[in-house]
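Peer 1: One structure, pasted below without further comment.
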Amino acid sequence: MLFCRGSPLSKELPILKRLSPILTLLLTIASTCQTAFAQLPLAKRQSNNSEYNLYRWKPYRKQVVKPAEVLGYEIGERNSNFREQERVLLAVAESAKDRVHVIEYGKSVEGRPLRLVIVTAPENLAKLEKIQANNLLLADPRKITSPAEAERLLAATPAITWINHCIHGDETASFEAFMGTLYTLAASDAPEVKDTLKNSVVILNPAFNPDGHERFAVYYNSIALGSPERDAFEQGQPWAVSGRFNHYRFDMNRDKMVQSQAEVQQEIAAYLKWYPHVYVDEHGQPETYFFPPNPEAIHTGVDVGRLNKWTGIFGRANAATFDKFGWQHVTKEDFDFFYPGYLDTWATFAGAIGMTYETDGGRTLARRRRDDTVSTLWDATVHHIETALATVLTAGKRRQELVRDFWQYRKSAMNPQLMRTVVFPPQDRVRLAEVVRVLQRSGVEVQVAGKPFESQNAHDYATLNALGMKRSFPAGSLTIDLAQPQGHLAKAFLEPDPKFSPAFLKDQQERRTRNEKRNTNEAHEGYTFYDITAWALPYSFGMEAYWLEDAPKSDGKLLQGKESEEQLTAGVKGGVVGEKTGVAYLIPYDSDATAWFAIRLTQMGYRLEVANKPFQADGKAWVRGTFIVRVNRNPNDLREKLDALGRVLGVSVFAIHSSYAEDTGIGSDSVSIVNAPSIAVVVGDNVSQTSYGAVWYLLEKQAGAKFTPIRIDRLAGLELARFNVLIFPDGGGYGGVLGKAGTDKLRDWVQKGGVLIGLEGGAQWLTEKDVNFSEVKAVGEEGGKKPLEIPGAFFKAKIDTSHFLEC
């Protein structure tokens, strides 16, 4: 054993002499303790232009604190953690109060503050609320009373540029870059910076996803050596550590439409208070830095002329900066612009020039490129800083043109073409309320019809490309008139069949034709879109809906805030209906919330049953699927518990006072016991993190169900009888991990009554020949042509209500 200072190392040296000379040397070095902690490895500055200087925007104001003075190292030299970045943010803001204003707009799931840092000239900061109010008027042209007022607002409004950092927590260069961008804008007295700040309000989001970043950064710093080798241990991340996702393992750059996650909801609420003219989302880590212009994989609903104009302007400015230092970049590659749930596409539909910047490095301190050169975290950081500054400077220089184009885009939404109104007739009110929340959180106006109305040209979502026909709608229908300032975004959320351009589709089809002629040993061409292709809200929520070519008068009332929730859920307040009974309580299964009610009630130890066929009770007919809670088989506080839970979930519980029935009643053999679910969910290296995260979020946040995550490699040795539900999220290689013995054990558990649920790859595994849990086969598995994998496809299906899963 070796000891540090104060220990008799010399007494141990005879042991060392018996070891090999090399090992002796290593141990002797290791035993030489320092009075201070060893410094963590730092990323080297590999820039191929030795003259590059991060602090080139001279002169700097001496009173503004440098990030390195707070950190003890230069930004980009290591992965800073959240508190380190926070200290820099607050120190710079405190020392540059005349330019910097900090807003806390929320908290992450794990409780970390979410902030916006606003940087502008002192004279703008003094009237920031007025600037904000003026821009909101431009964002809603209905509120501008005359052309003269519009011109006054256009002349007075600075360019508003929003730069987002670190939505993917392990794309860490953007997290570091925030500190450099903030310092430059807050401290530099260079004429071009000062002039830009007079013409600009810059909004910096330091960390969209602080939880994922912290998870990764703490782990990585604990093992980092700075090795760029592809197989180095530090180049990977353990399954549970991966920082790309938020706490619930959601990819929040796919969540901007549905806004399921708290961080996304809060960011959008902050966005709608500003409506920036430029929105940059910083990412990493491709081989070469990417910034727009975009490829042709663009949603046809985008104002392509405006977008291409401005991405060309910003792209040329970024390229000029990169050329100055000999840095490489690409444009028009790989990153599609189709799904409106990305940060950049959502912002573009809302009126900004939305752009994704992907830096060529980060996450690790160093990595080796294909040509054997090395890029570092520092390189990736300064590349992001420079594109951010080039974008801010360009927006400031072209302020008037940029703001005018924003205003004209928002005005153009007031004149929608062909698709004018979307209508949801009255139906599942809880689910309708969810749709309304999604739309309202994105600033879309929704109305409820005050009287019946008729459309001359209504198209049914249930039939794709349905012909328009005359149709009547009742009072209480939800209507979304697309003639509103947020109409472009609303249409993108609601249109039944979004389109690519014909030229793009032709190119992709030609690639597919060529690929099909190639054998498995030949390189195949990639496709230039890679993500969601279908998302229309009526389909996503399984709702009856129609789109109209006209805008019938319906005495519509705008739904707003809590009032809209109350109006939509009127009559479904939940809780017990009827006087106290000694017989039973019935809960019709008529909404998603009813399932959550049943899960929570049984997991709390209450006894629940379900009717497998229609029945009679209390002189009324009740439908199949109705839950039955018998009073004499449950604790004395049953009514109070049913009432409280029903009110929380919006589920109505009906007290019955007579079980007599002329035909089938609640005592029938067709009534089955509902066992409390004891749920296990498979986790580990073979499991998709986002699929597991979706299950986690559904069970914990929506269903309120308790569950146990089980590592896939422990499943074969697990006593499965402890659980009656086992969920395999999307993933692959399950059979290889379980082996034949584990698979057979799982099959035996199912035969004894266990419920096995597979999602995507977890379902396909169950159909494989060697597993054979099901006779169902994936399309193309038995000799047919396999379809291309296209994420987000919707399928119209008919449910066989005689199947045991529906009984």
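Peer 1: Any idea of the accessible area per residue across region 408-473, 1.4 Å probe, to the nearest Å²?
Peer 2: 47 Å²
Peer 1: Tell me, what % of the accessible area of region 648-735 is carbon and sulfur with a 1.4 angstrom probe?
Peer 2: Looking at region 648-735 in its full context, I get 48 percent from C and S.
Peer 1: For a label point 7 angstrom out from the Cα of Asp555 toward its Cβ, which stretches of region 434-477 have the backbone nitrogen within less than 14 Å?
Peer 2: Only 448-454, 474-477 pass the distance filter.
Peer 1: Follow-up. Given labels modelled 7 Å from the Cα in the Cβ direction, how far is it in nm from Arg316 to Glu579?
Peer 2: Label at Arg316, label at Glu579, 8.3 nm between them.
Peer 1: With a cut-off of 8 Å between alpha carbons and a minimum separation of six or more residues, what is the relative contact order of the chain in percent?
Peer 2: Relative contact order, the chain: 11 percent.
Peer 1: Roughly speaking, what is the stretch gain from Asp460 to Gln509, that is 0.36 nm per residue apart minus the C-alpha to C-alpha distance, in nm to one decimal?
Peer 2: 14.7 nm
Peer 1: For region 354-401, build the convex hull from the C-alpha positions and give me its volume per residue in Å³.
Peer 2: So the per-residue hull volume is 87 Å³.
Peer 1: Tell me, Kirkwood radius of region 365-489 from alpha-carbon pair distances, in Å?
Peer 2: The Cα-based Kirkwood calculation yields 19.1 Å.
Peer 1: What would the Debye formula give as log10 I(q)/I(0) at q = 0.26 Å⁻¹ for the alpha-carbon point model of region 221-287, no solvent?
Peer 2: After summing over all Cα pairs, the log10 values are -1.23.
Peer 1: Could you please state, rounded to a whole Å, how far the C-alpha centre of region 759-800 is from the C-alpha centre of region 633-686?
Peer 2: 34 Å
Peer 1: Can I ask one more? Scattering from the C-alpha atoms of the chain alone, worked out with Debye: what is log10 I(q)/I(0) at q = 0.10 1/Å?
Peer 2: Normalising to I(0) and taking log10 leaves -1.23.
Peer 1: So, one more: Any idea how far apart Met604 and Glu401 come out in nm if each label point goes 7 Å out from Cα toward Cβ?
Peer 2: So the two model labels end up 6.3 nm from each other.
Peer 1: Show log10 I(q)/I(0) for region 369-438 at q = 0.15, 0.21 Å⁻¹, two decimals, from a solvent-free Debye sum over equal Cα scatterers.
Peer 2: For region 369-438, the Cα-only Debye profile gives -0.80, -0.97.
Peer 1: In Å², what does the accessible area per residue of region 79-215 work out to with a 1.4 Å probe?
Peer 2: Spelled out: the 1.4 Å probe surface of region 79-215, per residue, equals 30 Å².
Peer 1: Around Ala466, with a cut-off of 15 angstrom between Cβ atoms, what is the net charge of the other residues, counting Lys and Arg +1 and Asp and Glu -1?
Peer 2: Charge balance in the 15 Å sphere: -2.
Peer 1: If you put +1 on each Lys and Arg Cβ and -1 on each Asp and Glu Cβ, how big is the dipole of region 476-583 around its Cα centre, in Debye rounded to 20?
Peer 2: The calculation lands at about 280 debye.
Peer 1: Given a 1.4 angstrom probe, what's the average accessible area per residue across region 298-383, in square angstrom?
Peer 2: 30 Å²
Peer 1: So how far apart, in nm, are the two label points at Asn772 and Ile790 if each is 7 Å from Cα heading toward Cβ?
Peer 2: 3.5 nm
Peer 1: Another question, then. Say R0 is 41 Å: what FRET efficiency, to the nearest 0.05, do Asn636 and Asp590 get from their beta-carbon distance?
Peer 2: It comes out at approximately 0.90.
Peer 1: Can you divide the C-alpha Rg of region 142-239 by 2.2 N^0.38 Å and report the result to two decimal places?
Peer 2: 1.64
Peer 1: Against the globular-protein guess of 2.2 N^0.38 Å, express the Cα radius of gyration of region 679-742 as a ratio, rounded to two decimals.
Peer 2: 1.10
Peer 1: When only the heavy atoms of the protein chains count and the probe is 1.4 Å, how do Met414, Met543 rank by accessible area, highest first?
Peer 2: The residues order as Met414, Met543, largest area first.
Peer 1: Net charge within 11 Å of Tyr219 by Cβ-Cβ distance, Lys/Arg positive one each and Asp/Glu negative one each, not counting Tyr219 itself?
Peer 2: Net charge in that neighbourhood comes out at -2.
Peer 1: Taking the Cα of Arg441, stepping 7 Å toward and past its beta carbon, and measuring to each backbone N in region 242-263: which are under 18 Å?
Peer 2: 245-263
Peer 1: Could you sort Asp748, Asp669, Asp663, Asp360 by accessible area so the largest value comes first, with the probe set to 1.4 Å?
Peer 2: So, going from the largest accessible area down, we get Asp669, Asp663, Asp748, Asp360.
Peer 1: Can you give me the Cα centroid spacing of region 64-86 and region 341-391 in angstrom?
Peer 2: Using only Cα atoms to place each centre, the spacing works out to 19 Å.
Peer 1: Going toward the positive end of the dipole of the chain, with +1 on Lys and Arg Cβ and -1 on Asp and Glu Cβ, which of Ala177, Gly733, Val92 do you reach last?
Peer 2: Checking the options against the dipole of the chain, the answer is Val92.
Peer 1: How far, in nm, would the chain grow between Lys798 and Asp195 when pulled straight, counting 0.36 nm per residue and subtracting the alpha carbon separation?
Peer 2: 210.8 nm
Peer 1: For Lys740 and Trp239, what is the calculated FRET efficiency with R₀ set at 25 Å and r taken between the beta-carbons, to the nearest 0.05?
Peer 2: It comes to 0.55.
Peer 1: Can you tell me how much longer the chain between Lys701 and Thr533 gets when fully stretched, taken as 0.36 nm per residue apart minus their C-alpha distance, in nm with one decimal?
Peer 2: Between Lys701 and Thr533, full extension yields 57.8 nm more.
Peer 1: Here is a further query. What's the magnitude of the charge dipole for region 411-458 around its Cα centre, counting Lys and Arg as +1 and Asp and Glu as -1 at the beta-carbon? Answer in Debye, nearest 20.
Peer 2: Roughly 120 debye, rounded to the nearest 20.
Peer 1: Still on this structure: What does the helix-only formula give at 222 nm for the chain: each DSSP H stretch with n ≥ 4 adding -39500 (n - 2.57), the total divided by the residues, and the result rounded to the nearest 500 deg cm²/dmol?
Peer 2: Only helices count here, giving -10500 deg cm²/dmol.
Peer 1: Binned at 10 Å from 0, what are the whole-percent values of the Cα-Cα distance distribution for region 492-625, short to long?
Peer 2: Cα pair-distance distribution for region 492-625, in percent: 8, 19, 22, 18, 15, 13, 4, 1.
Peer 1: Let me ask something else about it. Carbon-plus-sulfur fraction of the accessible area of region 264-351, 1.4 Å probe, in percent?
Peer 2: With neighbouring chains kept in place, the figure for region 264-351 is 49 percent.
Peer 1: Moving on. Below 13 angstrom from the Cβ of Phe322, what's the summed charge of the other residues (Lys, Arg +1; Asp, Glu -1)?
Peer 2: Residues near Phe322 contribute -2 overall.
Peer 1: Moving on to the next point. Report the convex hull volume per residue for region 412-560, counting only C-alpha atoms, in Å³.
Peer 2: Output value, Cα hull per residue: 140 Å³.
Peer 1: Follow-up. Quick check on region 92-193: what are the equivalent-ellipsoid semi-axes from the Cα gyration tensor, as sqrt(5λ), descending, whole Å?
Peer 2: Working from the Cα gyration tensor, I get semi-axes of 29, 19, 13 Å.
The values are calculated or read from the model by the stated rules, or taken from the named source; none is laboratory data. The shown structure was predicted, so the numbers you read here are calculated from the model rather than taken from an experiment. Ideal geometry is used to build each Cβ from the backbone, glycine not excepted, and the neighbour counts take in all protein chains shown. For accessibility, only protein heavy atoms count, side chains too; no ligands or nucleic acids. Shrake-Rupley method; radii C 1.70, N 1.55, O 1.52, S 1.80 Å.
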